[in-house]
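So the structure is just underneath, and the comments pick up after that.
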């Protein structure tokens, strides 16, 4: 079976900071922001890439509290591959992003870092590149 990632869904407390981080820092483009039904959603992707990120802002306060707790957003992480990990780290740091480790971590055949959610739009992003 051949498959592809269509999107990764992230429940967020506030659409604007999550969407702003995705667009301005990661370079994702807003592809679709359908009318609320009743929840607000936005689909973002890199140009030419079929994989998308779906941001979901829940309208119902009780449901939002149940799914988010005290968090600004809820999903373990979204993984993105970059060509130059060190350049990506430097760029993210320019935007105030902090990481869970001081240096990239080797995991199987990649080098990776994870962002601290409180510095990256309420979401933990895994940024990685293949190790040499």
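Taking every alpha-carbon pair under 8 Å whose residues sit at least 6 apart, segment 4-71 reaches a relative contact order of 39 percent. Across the chain, C-alpha contacts under 8 Å between residues 6 or more apart give a mean separation that, scaled by the residue count, equals a relative contact order of 25 percent.
Within segment 1-75, all pairs of alpha-carbon atoms sorted by distance into 5 Å bins from zero give the percentages 3, 16, 25, 24, 16, 10, 4, 1. Computed over the alpha-carbon pairs of the chain, the distance histogram in 5 Å steps reads 2, 10, 19, 22, 20, 14, 8, 4, 1, 0 percent, short to long. Over segment 76-132, Cα pairs under 8 Å with separation of 6+ residues give a relative contact order of 42 percent.
Between helix 85-94 and the chain, what is the angle of the helix's C-alpha long axis to the longest principal axis, kept within 0 to 90° and rounded to the nearest 10? Relative to the chain, helix 85-94 is tipped by roughly 50 degrees. Think of it as helices only: each DSSP H run of n ≥ 4 in the chain is worth -39500 (n - 2.57), and spread over all residues that comes to -5000 deg cm²/dmol at 222 nm. Our analysis of segment 61-132 gives Rg over Rh at 1.06, with the two radii drawn from alpha carbon positions and Rh computed by the Kirkwood formula.
Only the coordinates and a few stated rules stand behind these numbers; no lab work does. On a predicted model such as this, the values are computed, not experimentally measured, just so you know.
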